[in-house]
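Below: the structure, in structure tokens.
Nothing in this text is a laboratory measurement; each read-out follows from the coordinates by a stated rule. Predicted, not measured: the structure shown is a model, and the values here were computed from it. Note that each Cβ is placed from the backbone with ideal geometry, even for glycine, and that neighbours are counted across all protein chains shown.
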Amino acid sequence: MNQLTDLANALSDPNRVRLLAACLDGERCVCQLVELIDLSNASISKHLAVLRRAGLLESRKEGRWVHYKVPASPDEMVGDALGFVCRHALDDEVIVADRIRLKQIDAIDPIELAKMQRTGCCLPKCCQPKSTGESS
């Protein structure tokens, strides 16, 4: 019963579903997830811990960097939960927007991204591609 309630708890928060969906197509560094979702690093880490405890994500540490991904061989209940998310969440407009935004975030080296976050630079303000010069 604990695994079931851990899974239900993990999927009960929209931000955790967004974080999980962001990791469905590959491994993500915490700095990438912080850039995606407008929450503090500490809040993101707490959400990731809930997802990890439920078995929906696994982590690996590389120096001071922590990376998250869905397990390669989840047990049956976790696999069912991941399938549920894939079938029902990926068409959500927030998740669709997140996946578009992740393409921009993925284009930035995680080390540079972390530097940008420390200095207050972020993608929407100054790191978007420059306009082609067309006036509006």
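Multiplying the residue separation of D106 and A42 by 0.36 nm and removing their Cα-Cα distance gives an extension gain of 20.9 nm.
Peptide packing: for 15-25, 79-89, the average count of neighbouring Cβ atoms within 10 Å per residue gives the ranking 15-25, 79-89, highest mean first. Its residues counted as N, the chain yields a C-alpha radius of gyration over 2.2 N^0.38 Å of 1.13. Got a sec? Which residues in the stretch 42-58 would a label at N2 touch, if it sits 7 Å along Cα→Cβ and we count backbone N under 16 Å? Inside the label zone: 50-56. Placing +1 on the Cβ of every Lys and Arg and -1 on the Cβ of every Asp and Glu, with no other charges, gives the chain a dipole of roughly 540 debye about its Cα centre.
What angle do you read, to the nearest 10 degrees and between 0 and 90, between the alpha-carbon axis of helix 93-106 and the longest principal axis of the chain? The helix 93-106 is inclined about 60 degrees to the chain.
Close Lys pairs in the chain, defined as Cα atoms under 25 Å apart and 8 or more places apart or on different chains, number 14. Once both labels are positioned 7 Å from their Cα atoms along Cα-to-Cβ, the gap between A49 and R99 label points is 3.1 nm.
Relative to the longest principal axis of the chain, what angle (0 to 90°, nearest 10) does the C-alpha long axis of helix 110-119 take? Roughly 70 degrees between the two axes.
Neighbours of E58, meaning other residues whose beta-carbon lies under 14 angstrom from its beta-carbon, give a summed charge of +3 when Lys and Arg score +1 and Asp and Glu score -1.
Structural descriptor for the chain: relative contact order 27 percent, calculated from alpha carbon pairs under 8 angstrom and at least 6 residues apart.
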